[in-house]
Amino acid sequence: MAHIHLEDGAFTPFWLIVWNLIAAAMMGIALLMLRRQGASPRRLAIASMCAAVGFAVFQIEVPTPVGPAHMNFTPLIGILIGPSLGTVVVLVVNVFSAAIGHGGWGMIGPNSIVNIIEVVLGYYAFRLARIHLRRSYFWSGFGATVLALTISSFVVVLIVGISEIQGSSLTRDQTINNMLVIAALNIATGIIEGVVTAYVVSFLGRVRPDLLEHHRIPDQVQENIVHAAGVS
Amino acid sequence: MVHRMNPWTKLALLFFVVALVTVLLNVYAVLLLLAMTILFYLAARLPLKVLIGWWSLPVLFVLSLSILYVFTEPGTAFASLRLGGLKIAVTDNGFVLLANLMVKALAVVTYSLTVFMTTRYNHIVHIAYRSMPSTLATVFLLTYRFMFETADEFSDILDAMHSRSGSLAKGVGRRSRTYAGIFGLGFVHAFERAETISKAMEARGFTGSLPVTSGLPRPTFKGYALIGVAVVALAIAVYSRYFDTNLLRW
């Protein structure tokens, strides 16, 4: 899980404004896409419930070999509801998290950037693995989650490294070195989250395959696979 | 008094609290801000035990990311250790930085909790619709409405798992499957609930935004005065940081 666990006051005003403007632009693009696709009550309700589950899961500690870890399931949310709705969901989850002290109000922007990248990468990587590489739900979910969380861990290093912690005398290189330690831990827990997400996706594929309908291998390809296997 | 305060005033002051902790560098100034937010919390007659409990979360998060700075920040070393040619030292500047970040976090969290614990839901609805795009506001409010129910559901499932000795399962694979089943079930219930809610919403003539049933008046004169004081405080903080660093001498 990659989340910038910094509270308000950690970044300078300049970088706070920059990251929040970038996040606002990404959110604006997502809202425009939603408007074009049509935000039906069903889609809004699904987004809200996913946000509620995501927020609830965020508070649960899963015992792992590297200690208790928090899942945030942003790649899974991207897989289930797509990048535009997923972007709205991560913003809502970050707002509620800020309200309880899990990250600062000013850090909503940087954290949203990180989580939006996870949602988008999770969705497209899963589609690539599932539809084009024809992998199973388990390996598609695992690969997409690990890829998304690994890249987002480095995005966290980039954001904190560029912004630097205000009040600290460390140089940028030293700050990045510190953050690389955190990134290594994030990648380790990301692999664990990848395993859990893979099992969740497999579970959903068994009990509610309609929720993963948009990642189904196209019928034509399905038929080709069947023919190639020699089944009439 | 705090419960009767206009929500717009409280929200505006939240913005200024966040802005002040971002601009202020002096730990004594931030300590003063923390003291004022605690007084604000106490003025709302909210239980102190709850606040101390909620403080554990930002303390944990500040420590998790900033603990490295205690060892790597240049300064006078309190204690040091040599590990195979590498020197690890705990420095005074590292502690000051950690303390600064901690106090800033606690000031914002204290004020945020006071605002949310003293503002009615229908006022939050009004503010959400006035300050966010309607799609975002709808998702935000529906999430707020169902967040507690979902958290309770997960809590019940975890209790059921523990009561059936599920926590004794060893191994990454077995534990992953156990928790994956719980989380997967949570998502399945979420989708089913969403489908039920959307049908209910459409049956009641939902047009894309939740109805705002009560208005919210503008801040009173006292509210504007408080905001004015916050603006002046922020202006002084910005001036002392960027133009005259000797303005606030502690």
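Per-residue mean of foreign Cβ neighbours for B:55-68 is 5 (Cβ atoms of other chains, 10 Å radius). Based on alpha carbons, the Rg and Dmax found for chain A are 18.7, 71 Å.
Of the complete DSSP H runs in chain B, those spanning 30 angstrom or more by Cα along the long axis with a mean Kyte-Doolittle score not below -0.5 are B:48-72, B:92-117, B:134-163, B:172-203, B:221-242. Semi-axes of the equivalent ellipsoid of the stretch B:12-144 are 37, 17, 14 Å, computed as sqrt(5λ) over the eigenvalues of the C-alpha gyration tensor in descending order. Taking every residue in B:124-137 and counting other chain Cβ atoms within 10 Å of its Cβ, the average works out to 2. Shape annotation for the stretch B:133-203: C-alpha extents along the principal axes are 46, 20, 18 Å, from largest to smallest. The simple Förster model, with R0 at 56 Å and r as the Cβ-Cβ distance, assigns B:L39 and A:L133 a FRET efficiency of 0.40. Placing pseudo-labels 7 Å out from each Cα toward the beta carbon at B:L158 and A:I191 gives an inter-label distance of 2.5 nm. Peptide B:151-163 has a mean of 2 when you count, residue by residue, the C-beta atoms of other protein chains within 10 Å of its C-beta. Work out the P(r) tail for the protein assembly as shown: percent of alpha carbon pairs separated by more than 43 Å, whole number. Distances greater than 43 Å cover 18 percent of the Cα pairs.
Highest mean first, the peptides B:108-120, A:12-24, B:43-55, A:189-201 sorted by other C-beta atoms within 10 Å per residue fall in the order A:189-201, B:108-120, A:12-24, B:43-55.
Here the spin labels are modelled as points 7 Å beyond Cα on the Cα-Cβ line, and at B:A225 and B:S80 they lie 5.7 nm apart. Seen from a random direction on average, the alpha-carbon convex hull of chain B projects onto 20.7 square nanometres. Segment B:F71..B:E195, full-extension length gain: 39.5 nm, with 0.36 nm per residue of separation and the alpha-carbon distance subtracted.
All of the numbers you see were taken from the coordinates with simple rules; none came from a lab. Predicted, not measured: the structure shown is a model, and the values here were computed from it. Glycine gets a Cβ as well: all are built from the backbone with ideal geometry, and neighbour counts include every protein chain shown.
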